[in-house]
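Inspection log for the structure reproduced underneath, given as C-alpha cells.
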Amino acid sequence: MENTKKQSLNGVVVSDKMDKTRVVLVTRYEQHPKYKKYVKLQKRYKAHDATNTYKVGDKVRMEAIAPISRHKQFAIVEKLGHQDVEQYLKVRAQAHN
C-alpha cells in the first residue's frame, strides 16, 4: 500500500454544466511581498466528478490525479458542506456582458 501524500485543495463548485466535470473555485490569501497586506487570490480548476453528484454551491475537497484531459488534473473526493455562490455568479455574469 502506497503512503504518498497527494496535493489537496478545498473549493466551491461554481459550474456543473459539463458531463463528469465540475468547475471548482479555490480561494487563498497570500501576503503581498512589499506592502505586507493579505490579498485574496482566486483560481478556477476543472475537476473530475464521475457520478455527476456535486452541484453548484457545494464545498468540496479535491485531490491531484494523473491528467484525464488537457485541463482536468483533479478529482473531487468529498463534500464538505454548502455555500451560497449567488454573488460570485452575478459578478461573473456582469463581467461577461
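Derivation of every value follows stated rules applied to the coordinates shown; laboratory data play no part. Fair warning: this is a prediction, and the values are worked out from it, not measured in the lab. Methodologically, a virtual Cβ is constructed for each residue, glycine included, from the backbone with ideal geometry; neighbour enumeration extends over all protein chains shown.
Counting Lys +1, Arg +1, Asp -1, Glu -1, what net charge surrounds residue 64 among other residues with beta carbon under 12 Å of its beta carbon? Walk me through the numbers on the way to the answer.
Working: positive: 5, 6, 61, 72; negative: 63.
Surrounding charge for residue 64 is +3.
Would you tally the net charge around residue 25, using a Cβ to Cβ cut-off of less than 10 Å, leaving residue 25 out, and scoring K and R as +1, D and E as -1? Please report the intermediate quantities before stating the final value.
Numbers: positive: 43, 44, 92; negative: none.
Around residue 25, the surrounding residues sum to +3.
Give me the compactness ratio for region 17-78, meaning the Cα radius of gyration over 2.2 N^0.38 Å. Write down the numbers at each step before the final one.
Values: Rg = 14.2 Å, N = 62, 2.2 N^0.38 = 10.6 Å.
This ratio for region 17-78 stands at 1.34.
If you filter region 1-81 for GluC sites (Glu not before Pro), then keep DSSP loop positions with at most 15 other Cβ within 10 Å, what is left?
Details: sites: 2, 30, 63, 78; in loops: 2.
Here the sparse-neighbourhood loop sites are 2.
Taking the Cβ-Cβ separation of residue 92 and residue 18 as r and a Förster radius of 25 Å, what is the calculated FRET efficiency to the nearest 0.05? Each step should come with its number before you reach the end.
Values: r = 16 Å, r/R0 = 0.65.
It comes to 0.95.
If r is the Cβ-Cβ distance from residue 69 to residue 8 and R0 is 25 Å, what FRET efficiency results, to the nearest 0.05? Provide the component values of the computation, followed by the final result.
On the way: r = 20 Å, r/R0 = 0.81.
Efficiency at R0 = 25 Å is approximately 0.75.
List nothing, just return the count: lysine pairs in region 8-96, 8 or more apart or interchain, with Cα separation under 13 Å. Each step should come with its number before you reach the end.
On the way: 17/46; 17/55; 20/46; 20/55; 20/72; 46/72; 55/79; 59/79.
Lysine pairs, 8 or more places apart or on different chains, close enough: 8.
Quickly work out the residue 29-to-residue 45 label distance, labels modelled 7 Å from Cα along the C-beta direction, and quote it in nm with one decimal.
2.1
Of the candidates 34, 59, 72, which one comes out as most mobile in a Gaussian network treatment of the chain with C-alpha springs shorter than 10 Å?
Of 34, 59, 72, the most mobile in the Gaussian network model is 34.
Starting from the eigenvalues of the Cα gyration tensor, five times each then square-rooted, give me the equivalent ellipsoid semi-axes of region 1-45, largest first, whole Å. Intermediate values should be presented prior to the final figure.
Values: eigenvalues 145, 79, 7 Å².
Over the Cα atoms of region 1-45, the semi-axes work out to 27, 20, 6 Å.
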